[in-house]
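Below is one structure, written out as structure tokens, with a few remarks after it.
The values are calculated or read from the model by the stated rules, or taken from the named source; none is laboratory data. Quick caveat, the model's predicted, so the values are computed rather than measured. Counting neighbours? That spans all protein chains shown, and the Cβs are built from the backbone with ideal geometry, glycine included.
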Amino acid sequence: MSKRWPGKTVIGLTGNIATGKSVVRRMLEHLGAFGIDADGLAHRAMSPGAPAYKPIIETFGRWILTPDGRIDREKLGKVVFADPDALARLEAITHPIVLEVIDLLIRRSKQKVVVIEAIKLFESGLAERCDSVWVVDAPPDVQVKRLVEKRKMSEEEARRRIAAQPPQSDKLARASVIIHNAKGFEDTYRQVREHFDKLVGAPAPAPAVTAPPPKAAAKPPKGEAPEEEKEAVEKAITVRRSGPEEVEQVAAFISKIDKTSLSREEMMERFGQKAYMAAYTGNQIVGLAGWQVENLITRIDEFRLAPDAPVKKVVSALIEHIEKGSNDLQSEIALLFLKNDTPDEVRKAVMAAGYTPQTASDLKVPDWREAARESAPPDSYMVVKRLRADRVLRPI
């Protein structure tokens, strides 16, 4: 239990590039932890008007700006990663800001377990504030493959980026827990679950719930279902967050709606990227939304309903639960992406929940615009809802 943050258990999560830190953080989030991406917060701190923006320009010059006034992180990176003194000057600007924001987020979080992902966990002093330090490890050839496939680097560039980082062995030597992330998502999740349960205790089994027997009702006319039964089916909608434990059922629903065949391993890979909120009638999924909160921005990029689902009730229930989960994760805004061929009834139900159509260019906050452009699936349009008035890295 943390002395700095009473009532919290804080996990520091690190590892070199392409070892899979973000995947492990999201797995911990599936288990109920509040996740913080320190590197993402550092990027946000550099946005126009944010606290680090002006000091960075004063230190490195206006030549690092893009035509629209944003700091070009690629230009800045070429300077600081080639010059240790320049990197130290940059970190002297960003680290205090990020540490202050992390402190604020942890203090106002409702979750008892917090995970801070940071590639500079030790160098920034964050490791000393954590109750447990987890290091994610993967062989160099796996790192290279991931950088080539996911970040579109050449093999030469990937090896250069890996070699330029501090030795992974230094991190491993200081780890409380090592997660070996090379054999697939199933194996990684097993390790994460095992070490999480050791740290905070395995969850108690859910108590069995027996539904009361239904009341007898008069028989309806032949060929017609009783009105009470119709209403019960429509009203009996429950929503819960689905994680890796429900992988088979979620994969089967997506496969049925998309008319495809989604394997267990492919579904586990999706769980390494996002969470799913599922709406049920009885034990059957009738609605499913894929979503994540990254750097205080909710992105909902999958939204599916069964053909016979009661649209208004299912859409309303899914959005309500996603927004509650987003508020628990201190999200500032929700970006919901709908396919261009989304039925009009679904679109109207989403609008009724307070969402309005916007393009990325309509968003006033640079980080929101960037998130919208990065997250938009093909053949989709975006609807948006502001979730909280205050911003952690508000303009100064």
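Among the residues of region 1-23, what is the count of those that are over 17 Å from L147 (Cα atoms) and of a type in the set (A, V, I, L, M, F, W, C)?
Result for region 1-23: 5.
Please enumerate the residues belonging to region 51-91 that are touching a Pro at 6+ places or on another chain (Cβ under 7 Å) and either of a type in the set (S, T, N, Q) or touching a residue at least 24 places away in the same chain (Cβ under 8 Å) (or both).
Taking region 51-91 first, the residues touching a Pro at 6+ places or on another chain (Cβ under 7 Å) are 69-70.
The answer is R70, and nothing else.
State all residues of region 1-46 that are surrounded by 21 or more Cβ atoms within 10 Å (Cβ to Cβ) and among the polar types (S, T, N, Q); if no residue qualifies, say none.
T14, N16, T19 - these are the residues of region 1-46 that are surrounded by 21 or more Cβ atoms within 10 Å (Cβ to Cβ) and among the polar types (S, T, N, Q).
Is it the case that region 43-54 has a residue that's under 21 Å from R129 (Cα atoms), touching an Asp or Glu at 6+ places or on another chain (Cβ under 7 Å) and either assigned by TED's automatic domain parsing to the domain that holds R369 or charged (D, E, K, R) (or both)?
No: zero hits.
Name the single residue, out of those in region 358-396 being small (G, A, S) and over 18 Å from the mean Cα position of the chain (by Cα), that is modelled with the lowest pLDDT.
As a first pass, look at region 358-396 and keep what is small (G, A, S): 360-361, 371-372, 375-376, 380, 389.
From what's left, over 18 Å from the mean Cα position of the chain (by Cα): 360-361, 380, 389.
On the way: A360: 96, S361: 95, S380: 97, A389: 89.
The residue in question is A389.
Could you grab me the full set of residues in region 152-186 that are within 30 Å of E245 (Cα to Cα) and in contact (Cβ under 8 Å) with a residue 40 or more places away in the chain?
Going through region 152-186, the residues within 30 Å of E245 (Cα to Cα) turn out to be 172, 175-186.
If the condition is that a residue be within 30 Å of E245 (Cα to Cα) and in contact (Cβ under 8 Å) with a residue 40 or more places away in the chain, then A175, S176, V177, I178, I179, H180, N181, A182, G184, F185, E186 are the ones that fit.
Restricted to region 343-396, and to residues that are of a type in the set (D, E) and assigned to a loop (DSSP other than H, G, I, E, B), which residue is nearest to G69 (Cα to Cα)?
D390
For region 352-385, how many residues meet the condition of being surrounded by 13 or more Cβ atoms within 10 Å (Cβ to Cβ) and either closer than 22 Å to K324 by Cβ or in the same structural domain as R73 (by TED's automatic domain parsing) (or both)?
Final tally of qualifying residues: 10.
Just to verify a result, which residue in region 256-274, among those that are over 18 Å from the mean Cα position of the chain (by Cα) and not in a loop (DSSP other than H, G, I, E, B), is farthest from E294 (Cα to Cα)?
Here is the first cut: in region 256-274, the ones over 18 Å from the mean Cα position of the chain (by Cα) are 256-265.
Restricting the remaining residues to those that are not in a loop (DSSP other than H, G, I, E, B) gives 256-258, 264-265.
On the way: K256: 29, I257: 27, D258: 26, R264: 25, E265: 23 Å.
My answer is K256.
Looking at S361, S331, S375, can you tell me which residue is of a type in the set (G, A, S), in contact with a Leu (Cβ under 6 Å, 6 or more places away or on another chain) and more than 21 Å from A279 (Cα to Cα)?
Values: S361 fails: in contact with a Leu (Cβ under 6 Å, 6 or more places away or on another chain); S375 fails: in contact with a Leu (Cβ under 6 Å, 6 or more places away or on another chain).
Going through S361, S331, S375 in turn, the sole match is S331.
Within region 202-222, identify whether any single residue is under 29 Å from the mean Cα position of the chain (by Cα), at pLDDT 95 or above and of a type outside the set (A, V, I, L, M, F, W, C), and answer yes or no.
So the first thing to find is which residues in region 202-222 are under 29 Å from the mean Cα position of the chain (by Cα), and the list is 202-206.
Those left that are additionally at pLDDT 95 or above: none.
No, every residue in region 202-222 fails to be under 29 Å from the mean Cα position of the chain (by Cα), at pLDDT 95 or above and of a type outside the set (A, V, I, L, M, F, W, C).
Where in region 37-116 are there helices (runs of 4 or more DSSP H), lying wholly inside it, with at least 1 residues that are modelled with pLDDT of 95 or more and either over 28 Å from I162 (Cα atoms) or in contact with a His (Cβ under 8 Å, 6 or more places away or on another chain) (or both)?
Fully inside region 37-116 and qualifying: 53-60, 84-108.
Sort out which residues of region 264-289 are among the small types (G, A, S) and within 23 Å of D187 (Cβ to Cβ), and write them in order of number.
Keep residues of region 264-289 that are among the small types (G, A, S), which gives 272, 275, 278-279, 282, 287, 289.
Result: G272, A275.
Tell me which residues, restricted to region 153-184, are among the basic types (K, R) and at pLDDT 90 or above. Spell out how you get there, then give the answer.
Residues of region 153-184 that are among the basic types (K, R), as a first pass: 159-161, 171, 174, 183.
Scanning region 153-184 gives R159, K171, R174, K183.
Which one of G40, G7, G20 is small (G, A, S) and more than 27 Å from I71 (Cα to Cα)?
Exactly one of G40, G7, G20 is small (G, A, S) and more than 27 Å from I71 (Cα to Cα), namely G7.
Test of understanding: among L318, L305, L336, L288, which residue is in contact with a Gly (Cβ under 6 Å, 6 or more places away or on another chain) and closer than 28 Å to R25 by Cα?
Numbers: L305 fails: closer than 28 Å to R25 by Cα; L336 fails: in contact with a Gly (Cβ under 6 Å, 6 or more places away or on another chain); L288 fails: in contact with a Gly (Cβ under 6 Å, 6 or more places away or on another chain).
Checking each option against the conditions leaves just L318.
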